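K.L.:
Provided herewith is a single structure, encoded as structure tokens, for subsequent inquiry.
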């Protein structure tokens, strides 16, 4: 196969200045829970899917976002009741409010930058000028905090939602790279972190309570009634 990354498009969006919401199965799967519920809540439609030879079906690292050069994962498909599923990044669209929701997937070590860069480029091509990334950070308190690519966005979160910048540390995997590469590509990006107590036996075990904390504020930020 000559192509390492490709996107299959199902719908052409004519959204005006949509905001992108990004989440993936990171710490306690908080980002994934947020986007999964948002897709249902907004009745969003699948607009495109990104496939790549960099996306493993089985991870050799635990958690999946801790990629390692000597453990690239195992390629393949998933079979469920006769249906075949390739690993992918999915893009959903909603017209009210104008939103593109990205359900992420962690790439292997060699391809993680390429996947994240392709995702940001696709969002830019579809008119996105602000990206909101959702994720968790390790804390015994379920406190919401933020990071952003410019100080004005942080000040906005402080004034409107009494949110601070309490988290300091690494942000691994797909969502972290999308956040970082958005800055390099001059796209405004905001990250909403919700505190969650790590489960060291199963780092990606879902924490729906922490994801709800993000959703409550996120729906106000994007004016979702």
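The values are calculated or read from the model by the stated rules, or taken from the named source; none is laboratory data. The shown structure was predicted, so the numbers you read here are calculated from the model rather than taken from an experiment. Using ideal geometry, Cβ is built from the backbone for each residue, glycine included, and neighbour counts are taken over all protein chains shown.
So that you can scan it fast, the table gives a plain yes or no per residue for (1) part of a loop (DSSP other than H, G, I, E, B); (2) modelled with pLDDT of 95 or more; (3) closer than 23 Å to residue 93 by Cα:
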position	(1), (2), (3)
116	no, yes, yes
135	no, yes, yes
157	no, no, no
181	no, yes, yes
198	yes, no, no
201	yes, no, no
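K.L.:
Follow-up question, since we're still on this one. Residues of region 99-110 being at pLDDT 95 or above and either surrounded by fewer than 15 Cβ atoms within 10 Å (Cβ to Cβ) or closer than 21 Å to residue 125 by Cα (or both), which ones?
P.N.:
Hits for region 99-110 are 99, 100, 101, 102, 103, 104, 105.
K.L.:
Here is a list: 93, 157. Which entry is touching a residue at least 24 places away in the same chain (Cβ under 8 Å), crowded, with 18+ Cβ neighbours inside 10 Å and over 28 Å from residue 195 (Cβ atoms)?
P.N.:
93
K.L.:
Still on this model: Quickly run through region 159-179 and pick out the residues that are more than 21 Å from residue 105 (Cβ to Cβ) and assigned to a loop (DSSP other than H, G, I, E, B).
P.N.:
Of everything in region 159-179, those that are more than 21 Å from residue 105 (Cβ to Cβ) and assigned to a loop (DSSP other than H, G, I, E, B) turn out to be 162, 163, 165, 166, 167, 168, 169.
K.L.:
Take the residues in region 187-205 that are under 27 Å from residue 119 (Cα atoms) and out of contact with any strand residue (DSSP E or B) (no Cβ under 9 Å at 6 or more places or on another chain); name whichever of them is surrounded by the fewest Cβ atoms within 10 Å (Cβ to Cβ).
P.N.:
Top of the filtered list is 205.
K.L.:
From the list 102, 22, 79, exactly one residue is part of a strand (DSSP E or B) and either more than 13 Å from the chain's Cα centre (by Cα) or farther than 27 Å from residue 213 by Cβ (or both). Which is it?
P.N.:
79
K.L.:
For region 119-131, enumerate the residues that are crowded, with 19+ Cβ neighbours inside 10 Å and more than 11 Å from residue 18 (Cβ to Cβ).
P.N.:
119, 120, 122
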